[in-house]
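Read-outs throughout are calculated quantities, based only on the coordinates presented, and are distinct from any laboratory measurement. If you're wondering where the values come from, they're calculated on a predicted model, not measured in any experiment. All Cβ positions, glycine included, derive from the backbone under ideal geometry; neighbour counts span all protein chains shown.
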Amino acid sequence: MSLITPEQFDSRSFIYRKHQQAEYIEVAGAAQVLSYEGQSAQGEGAQGQNDPDIGLTDLSVLPRFGLRGPAAGDALVAAGLLQPEKPNTLTLSDEGLMVLRLGYNEYWLLAVPDATVDLSALEQQLTGPGIYPVYCHDSYAWLVMSGDHLADVMAKVCAVDLREKNFSLGDLVMTSLARVSGVICHHQMAGKPVFSIFSDSASAGYLWDALLDAMGEFNGTPVGQNSLLK
């Protein structure tokens, strides 16, 4: 299907072998799934079928980095970035930069699909005394659940109530899902609410399968990056 394959790159998703019959695009020196066989560039199903009610996308290869320390928050402010006001929240800029605040002095910075921000330049800028790197790219997988029934699916694998009234846009929670420790973030992509899920790379394959199993009741299926950009 695709002239680009994950095997062409040194950097790969932790679960790249699970992406069969996929079309890829090169992103940050790695192969990112755009769509799967039977899914159009607009995310439609085979033979013009409707989109799945809920989809799961692997964004593990997309750029991100972290920083922590007593000067980390001030550095974000000095760089003119939207700093989350309190722990367990996030901000998302118009340029596609997402900033997660996982603790009082720990932040992750991520570029969502189609972002226009230069993360490499930011990483070089956000250095200095009192700032220490957090290596959240190679150690964590990034999965995104999109579509309807997000909270209903997560209720099968997570004890935290993730319904809108308790888990608003801009919230994040560090918890256990399917018996795996992870971070769940509620935000938007292309104007639609999604859950970004970060988990230890060693558990990525297990969690991918567990989430797809939980999504089965709601016509869930793997989807590529294109599905998130509609």
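A few notes on this one:
- Mean projected area of the convex hull spanned by the Cα atoms of the range 55-116, taken over all viewing directions: 4.7 nm².
- Over the Cα atoms of the range 119-160, the radius of gyration divided by the Kirkwood radius equals 1.21; this is the Rg/Rh ratio.
- Taken over the Cα atoms of the chain, the convex hull encloses 118 Å³ per residue.
- Counted by Cβ distance under 14 Å from Cys136, the other residues give a net charge of -1, where Lys and Arg count +1 and Asp and Glu count -1.
- The modelled label-to-label distance for the pair Ala121/Gln20, using points 7 Å beyond Cα in the direction of Cβ, is 4.3 nm.
- Given 12 as the ceiling on other Cβ atoms within 10 Å, longest exposed-site-free region of the chain for chymotrypsin sites (Phe, Trp or Tyr not before Pro) in DSSP loops: 1-103
- Proximity of backbone amide H atoms, modeled 1.01 Å from N, is registered between Val134 and Gly66, Leu67, Arg68 at under 5 Å, excluding neighbours fewer than 5 places apart on the same chain.
- Between the range 192-230 and the range 81-135, the alpha-carbon center distance in angstrom: 23
- 0 to 90° range, to nearest 10: angle between helix 204-215 axis and the chain longest Cα axis: 60
- Residue-span extension gain [Asp138 to Ala202] - 0.36 nm each, minus C-alpha spacing: 22.0 nm
- Environment charge at Phe218 (Cβ cut-off 11 Å; Lys +1, Arg +1, Asp -1, Glu -1): -3
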